[in-house]
Amino acid sequence: MKSLLRKLQRLVPSGVTCLLIVFGLFAYLGSKMGTANMLNTLMNTAHDLLLNTVFYIMAICVITGAIGRIFVEFGVVRLLEKLLRPLMKPLFNLPGVAALGAILTFLSDNPAIISLAQDKQFSSYFKKYQFISLTNFGTAFGMGLLVIVFMVGQGFYSEPFIGLFGAVCGCIVSTRLMQRFVIKAYPEYKEENVCEDTEETHKDLKIERRPMFQRILDSLLDGGRTGVDVGIAIIPGVLIISTLVMLLTFGPDSATGEYNGAAYQGVGLLPWVGGKLGFLFKWLFGFTDPHLIAFPITALGAVGAALGLVPNFMAAGWIDGNAIAVFTAIGMCWSGYLSTHTAMLDTLGYRKLTSKAILAHTIGGLVAAIVAHWGYMLFSLI
């Protein structure tokens, strides 16, 4: 099979394949919508997403970033870490200090776990197989606070926390499965330490003594600035991925049944696919509308882009409490892992294990969504 693929690659250059895919996609969209309408819808949708979705998410990023930095500055993160430490070994098979990574990624984004892992004080607690699984562990909590606050802002209160429980369950599956994959491929990693364990590596960080008002002000401004960076970083994902997904999700104008180049029109391909597999998604996730499969598909690449779909889904009347719980779980657990796992493992020095990490996290995200669905069903009976 591999030799056949190599022969095909030699016969058909990658540039030709790329052109065929791109032109094929836009030819399909243009044949359904009309070229002028397709281009107008593309631009109008991206423009509306920028103004009404991206800036809203950016505002949430700034606020949550400021709150997160305040928590770090005044020891709330350390306190939470100590409270959560007893859960790390039995649930995730990780040292207690890993709780710090979960909290920091929850307050910020997936790469926060990498910055932490590069600190010898932190990494000295881990065996190699545990250290590698931090990619899966941290990703499952990435942008968690943003996702929950966004869902609460849409008027749902208990459902996002049911989704949080689902994300934790998905994280357990993903992390432990990745550890099994690593040990099976490299048995020696089960006993090898990441770095030398010395007394100096376990010393607590000293808190810089500054006036209280200065610490509060610096934390708010630094955290808010970090939120701006995150908000800017999600713009490409929201505008590119969400716009494309919406072109494949929505249909023509609801009043006339025709295309006129307005924002949020499309060819309805994903709902058609969802309709064919509706029985599966309904049983697994409890989705009542085939359009809803667009969220998990988008969350594969960028959770910010996936959140951009929610207001329009709500306006169309496709979303219920179950969908919010499932969206929260799968949005947190997957958190754009396809676009971050490679870079994260490359930074740690284990790029060769990327495919195993992606497989483990795919399974973990599906488990998170299923647990959130059935958790919501049980909650609705109370």
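Here are the numbers for the structure shown:
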| item | result |
| --- | --- |
| Computed [θ] at 222 nm, deg cm²/dmol, the chain (DSSP H ≥ 4; -39,500 (n - 2.57); rounded to nearest 500) | -21000 deg cm²/dmol |
| Dipole-positive endmost among Tyr157, Asn40, Leu50 within the range 34-188 (Cβ charges, Cα centre) | Tyr157 |
| FRET efficiency estimate (nearest 0.05) - Cβ-Cβ, Val152 to Thr17, R0 35 angstrom | 0.20 |
| Per-residue HN-Hα couplings for the range 323-338 [Karplus 6.51, -1.76, 1.60; θ = phi - 60°; Hz; x = Gly/Pro] | 4, 5, 4, 5, 4, 4, 5, 6, x, 5, 5, 6, 6, x, 5, 5 |
| Amide proton proximity set for Gly251, modelled H, under 5 Å, gap of 5+ | Gly266 |
| Burial ordering of Lys120, Lys356, fewest other beta-carbon atoms within 10 Å first | Lys120, Lys356 |
| Residue-wise HN-Hα coupling along the range 75-80, computed from phi with Karplus coefficients 6.51, -1.76, 1.60 (Hz; x: Gly, Pro) | x, 5, 4, 4, 5, 4 |
| Most to least packed among 124-133, 245-254 [average Cβ atoms within 10 Å] | 124-133, 245-254 |
| Label-point gap, in nm, between Ala315 and Thr342 - each point 7 angstrom along Cα→Cβ | 3.4 nm |
| Karplus 3J(HN,Hα) series, Hz, for the range 68-73 with 6.51 cos²θ - 1.76 cosθ + 1.60 (x for Gly, Pro) | x, 5, 4, 4, 5, 5 |
| Values of log10 I(q)/I(0), in the order q = 0.20 Å⁻¹, for the range 200-316 under a Debye, Cα-only, solvent-free model | -1.09 |
| Whole-number percent relative contact order across the chain, with pairs defined as alpha carbons under 8 Å at least 6 apart | 25 percent |
| Separation between Cα centres of the range 128-181 and the range 303-382, rounded to whole Å | 8 Å |
| Efficiency of FRET from Cβ geometry, Lys82 and Arg210, R₀ 30 Å, rounded to 0.05 | 0.80 |
| R0 of 25 Å, Cβ-Cβ distance Lys352-Lys89: FRET efficiency to nearest 0.05 | 0.35 |
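Since every read-out is calculated from the coordinates, none of them should be taken as a lab result. Quick caveat: nothing in here was measured; it's all calculated off a predicted structure. Don't worry about glycine lacking a Cβ; one is built from the backbone with ideal geometry, like all the others, and counts go over all protein chains shown.
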